[in-house]
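Report on one structure; see the data block that follows.
The values are calculated or read from the model by the stated rules, or taken from the named source; none is laboratory data. If you're wondering where the values come from, they're calculated on a predicted model, not measured in any experiment. We place every Cβ from the backbone using ideal geometry, glycine too, and count neighbours over all the protein chains shown. Side chains included, ligands, DNA and RNA excluded: accessible areas come from the protein's heavy atoms. Shrake-Rupley method; radii C 1.70, N 1.55, O 1.52, S 1.80 Å.
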Amino acid sequence: MDQLYREFILDHYTTPRNFAALEQRDAEFQDRNPLCGDEMGVHIKLAGDRIEDLRFHGTGCAISQATASIISDELKGKTVAEVAGLDRNFVTEEIGIELSPTRLKCGLLSLKVVQGALLGTDEWPSGTPEQDPDASEVARLRNEI
Amino acid sequence: VAVAARTAELPRSVEEIRADFPILSREFGGRRVAYLDSAATAQKPEAVIEAISSYYRRSNANVHRSMHELAAEAEHLYEGGRAKVASLVGAPPREIVFVRNATEAINLVRYTWAREHVGAGDVVLISEMEHHSNVVPWQLLCQEQGAELQYLRVDDQGRLDLAELDERLAGGRVRLVAVAHVSNVLGTINPVGEISERAHAAGAMVLLDGSQAVPQMPVDVKVTGADFYAFTGHKMIGPTGIGVLWARRELLEEMPPFLGGGSMIKAVEDDHSTWATVPAKFEAGTPAIAEGVGLGAAADYLAALGMDAVRAHEVEVTAYALDRISALDGVTVHGPPDAAERGSLVSFAVEGIHPHDLAELCNREAVCIRAGHHFVQPLRRRLGVPATARASFSVYNTTAEVDRLIGALENAKRIFGV
């Protein structure tokens with residue numbers, strides 16, 4: 001069984017949850033992963049400062065699309081301040097696997113667009129290598145080379 | 001009309017050639033690397049690595065301005081590199097301008113010739129199969145000059161339509177036609193001689209992006225009919241950080257300089273300068289000397305194999321890959337169907353699996369392919385593919401490596417259930 005492409009991920013990839021447009025929305029954002037062109041957008045409806053409903057739309061690799069689907073239900077009910085505090089760990093815990101440096105942006109694209117919609121930021125979530133170089137990863141690469 | 005197949009053979013076996021490339025013996029997870037990404041960058045033979053290393057160990061000095069023995073040696077090696085590259089593409093050394101890469105070569109033309117000759121209402125004509133390096137500089141130029149950027153369409157088999165070229169040229173506004181000699185996305189070998197002839201008849205100039213062509217087939221820049229021919233070093237088994245712009249000497253002499261600085265001047269007065277002769281006029285600052293030496297070694301290596309033979313070998317591997325990839329269920333191959341009509345790469349899509357996932361699963365088996373956004377937006381829309389996977393081949397690749405690619409693709413299809 002492939003660790004990354006296990007049934008859980010592939011199921012969310014082929015039948016993604018919360019993928020559609022929201023006619024009534026308070027915030028939206030879209031972006032792409034410049035590495036491979038994964039595209040992801042989000043529509044969000046707020047109740048006060050809480051996410052009442054949210055829908056993704058996009059095209060891309062299994063990791064980018066499945067991650068959006070997997071985190072979508074978990075994001076509903078969170079406040080803007082809570083969303084601001086989410087990082088790489090939130091995503092990797094939700095999908096149940098660490099992502100390699102080359103796939104991290106695929107996995108974090110959906111969180112990036114949600115933070116973009118609610119916080120007006122165009123930064124990658126913390127934990128993305130360029131944002132926050134992971135010392136252990138750098139060390140591992142050094143040793144390998 | 002049947003044309004007798006070229007029978008050029010490599011002077012040494014592919015196994016012997018592979019042994020010249022140290023990186024090909026690397027293993028990942030106990031598997032020997034199968035490097036099928038040479039269209040992105042090619043691997044380097046020992047001869048190139050050694051030329052660079054030896055230059056730094058024995059001969060390093062600045063070129064063009066010192067009187068000592070080391071400087072003379074450095075100059076000799078660097079200019080020797082230029083002469084070797086020139087010889088590979090049928091040009092006199094004085095017409096070889098060293099730049100950083102093909103992107104810089106194209107930008108050089110954009111900032112010098114094009115600024116003087118493309119004005120408001122004029123047209124720069126490119127094609128839908130261009131690398132972004134031959135798109136974005138022209139977008140910027142057209143925005144700056146109030147000119148118009150037009151795209152030649154690519155048909156379903158990845159070819160340009162010369163009738164459409166004639167139509168666009170007949171409009172009388174085209175000043176420059178800039179197209180790939182060999183497309184990095186579709187593999188198409190464009191009929192550059194005919195394109196040049198038609199463009200010139202309509203008073204337009206021609207720039208060819210030869211980044212994919214020079215590494216894999218005999219290229220004589222004069223035969224292409226181009227006015228400007230750009231290519232990069234690292235795709236032709238040379239180092240990164242060096243590329244070439246070729247143009248006829250008279251044209252280079254007419255053009256204004258690009259970057260200003262040392263080495264490109266004849267005399268510096270208080271408020272102006274006069275320019276050095278070509279190609280120095282376009283090579284401001286200390287050049288990439290070691291890279292020039294390394295590129296010369298790469299040109300020598302390719303010349304010793306014989307570009308006809310390199311091409312024949314790559315056609316064989318590409319034909320095999322086309323057959324095997326096309327035979328997989330749910331796979332779409334882009335570009336011309338016949339290997340003889342294309343360069344040594346195959347771009348493809350597998351229904352239900354994103355190319356990024358394909359590349360990752362190939363990587364598990366130490367098979368290196370490219371996944372990404374190679375197409376410009378208009379072509380992407382028409383082909384209906386957001387991204388593609390690409391396997392590309394060099395003289396060191398074998399059909400056995402293609403078999404490993406097929407195995408990895410079959411495994412990916414199994415995992416994704418398609």
Identify the single condition in (1) without any contact (Cβ under 8 Å) to a residue 12 or more places away in the chain; (2) within 18 Å of the chain's Cα centre (by Cα); (3) in a loop (DSSP other than H, G, I, E, B) that B:SER66 does not satisfy, given that it satisfies every other one. (2)
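Check B:ALA304, B:ALA371, B:ALA349 and return the single one that is more than 14 Å from chain A (Cβ to nearest Cβ) and either open to solvent by 10 Å² or more (accessible area, probe 1.4 Å) or touching a Gly at 6+ places or on another chain (Cβ under 8 Å) (or both). Explain how you work it out, then say what you get.
Values: B:ALA371 fails: more than 14 Å from chain A (Cβ to nearest Cβ); B:ALA349 fails: more than 14 Å from chain A (Cβ to nearest Cβ).
Residue meeting the stated conditions: B:ALA304.
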Of the residues B:SER263, B:SER273, which single one is on the phi > 0 side of the Ramachandran plot and over 19 Å from the mean Cα position of the chain (by Cα)? B:SER263
Counting only residues that are in a loop (DSSP other than H, G, I, E, B) and open to solvent by less than 10 Å² (accessible area, probe 1.4 Å), which one in the range B:394-418 is farthest from the other protein chains (Cβ to nearest Cβ)? B:VAL395
Could you list, in sequence order, all residues of the range B:160-195 that are out of contact with any Leu (no Cβ under 8 Å at 6 or more places or on another chain) and polar (S, T, N, Q)? B:SER183
Qualifying residues in the range A:43-69 (those that are more than 14 Å from chain B (Cβ to nearest Cβ) and touching a Ser or Thr at 6+ places or on another chain (Cβ under 7 Å)) - the one nearest to B:ILE353 (Cα to Cα): A:PHE56
In the range B:163-209, what count of residues is obtained for those that are loosely packed, with under 15 Cβ neighbours inside 10 Å and of a type in the set (A, V, I, L, M)? 3
